[in-house]
Amino acid sequence: MHIRRKKAFRQLFRLIREVEAHPEDLASVRELNLLVLKEVLRDEQALLRHRETQRALNMQLKTGRGSKEASAVIRARLKRVIGYIAARQDQIFIWKCFGDALAYVYLDRFSVKHAFFETDRLGIKQGAGSFPARRGCSRKRTWYSKSSITTCQQYCATLPTLFATAMSAY
């Protein structure tokens, strides 16, 4: 696995360690979320460009009547583009792992498991898809950039009460 953006990787690693050391510091949590979102969006845009190139090369191979040498050049380029796509998908997985690490800072690992597996049948939940394709992505980015820390603190302050209420039902 090749890490393309080593500076961003180091910064995310530093931020997750900072959040682990001081979980009440929500400014670093916000910075971590924004950086993960920025990196995932950047790689998803590159992934879309590479897939478009792949489609064009496939179309050129199927419809073009070039010589064997020209077809070999197109196939070599197509193989390289497929490698780029795989590398970008791996990179997106790494960025999303930082978001998972943030969840593990605040939640028990057995509680997070319910977010990954289906509860009504055996199996893993379906992936969320790409960020640009999701509705409301721009609103989330705006909320992250404009939201006040006090809103997050107020929400986090209600969590113990909600947890105690839920546990009293058992």
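The values are calculated or read from the model by the stated rules, or taken from the named source; none is laboratory data. Since the structure is predicted, the reported quantities are computational estimates derived from the model, not experimental observations. Cβ: placed from backbone, ideal geometry, glycine included. Neighbour counts: every protein chain shown.
Residue 5 fulfils the conditions (1) more than 16 Å from residue 94 (Cα to Cα); (2) surrounded by 14 or more Cβ atoms within 10 Å (Cβ to Cβ) except for a single criterion, (1). Only one of the numbered conditions (1) touching a residue at least 24 places away in the same chain (Cβ under 8 Å); (2) within 30 Å of residue 24 (Cβ to Cβ); (3) of a type in the set (Val, Ile, Thr) is violated by residue 81, and that is (2). If you take the residues of region 12-22 that are surrounded by 15 or more Cβ atoms within 10 Å (Cβ to Cβ) and not β-branched (Val, Ile, Thr), which of them is farthest from residue 97 (Cα to Cα)? My answer is 18. With the structure loaded, tell me whether residue 37 is touching a Pro at 6+ places or on another chain (Cβ under 9 Å), within 20 Å of residue 5 (Cα to Cα) and either of a type in the set (D, E, K, R) or touching a residue at least 60 places away in the same chain (Cβ under 8 Å) (or both) or whether it fails that test. The answer is no for residue 37.
Can you confirm whether residue 31 is assigned to a helix (DSSP H, G or I), at pLDDT 90 or above and surrounded by 13 or more Cβ atoms within 10 Å (Cβ to Cβ)?
Working: assigned to a helix (DSSP H, G or I): yes; at pLDDT 90 or above: yes; surrounded by 13 or more Cβ atoms within 10 Å (Cβ to Cβ): yes.
The answer is yes for residue 31.
So that you can scan it fast, the table gives a plain yes or no per residue for (1) assigned to a helix (DSSP H, G or I); (2) surrounded by fewer than 12 Cβ atoms within 10 Å (Cβ to Cβ); (3) out of contact with any Cys (no Cβ under 7 Å at 6 or more places or on another chain); (4) not hydrophobic (A, V, I, L, M, F, W, C):
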position: 24; (1), (2), (3), (4): no, yes, yes, yes
position: 35; (1), (2), (3), (4): yes, no, yes, no
position: 46; (1), (2), (3), (4): yes, no, yes, no
position: 54; (1), (2), (3), (4): yes, no, yes, yes
position: 65; (1), (2), (3), (4): no, yes, yes, yes
position: 72; (1), (2), (3), (4): yes, yes, yes, no
position: 77; (1), (2), (3), (4): yes, no, yes, yes
position: 87; (1), (2), (3), (4): yes, no, yes, no
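Listed by first and then second residue, the pairs linking a residue in region 44-73 that is in contact (Cβ under 8 Å) with a residue 60 or more places away in the chain and under 29 Å from residue 91 (Cβ atoms) to a residue that is among the hydrophobic types (A, V, I, L, M, F, W, C) and not in a helix (DSSP H, G or I), with Cβ atoms under 7 Å apart and 6 or more places separating them unless they lie on different chains, are 44/131. Condition first: within 18 Å of the chain's Cα centre (by Cα) and in a loop (DSSP other than H, G, I, E, B). Can you find one or more residues in region 5-15 that meet it? Yes: one or more hits. On the given criteria, is residue 105 of a type outside the set (Asp, Glu), touching a residue at least 40 places away in the same chain (Cβ under 8 Å) and in contact with a Phe, Trp or Tyr (Cβ under 6 Å, 6 or more places away or on another chain)? No; evaluated as a whole, the condition is false for this residue.
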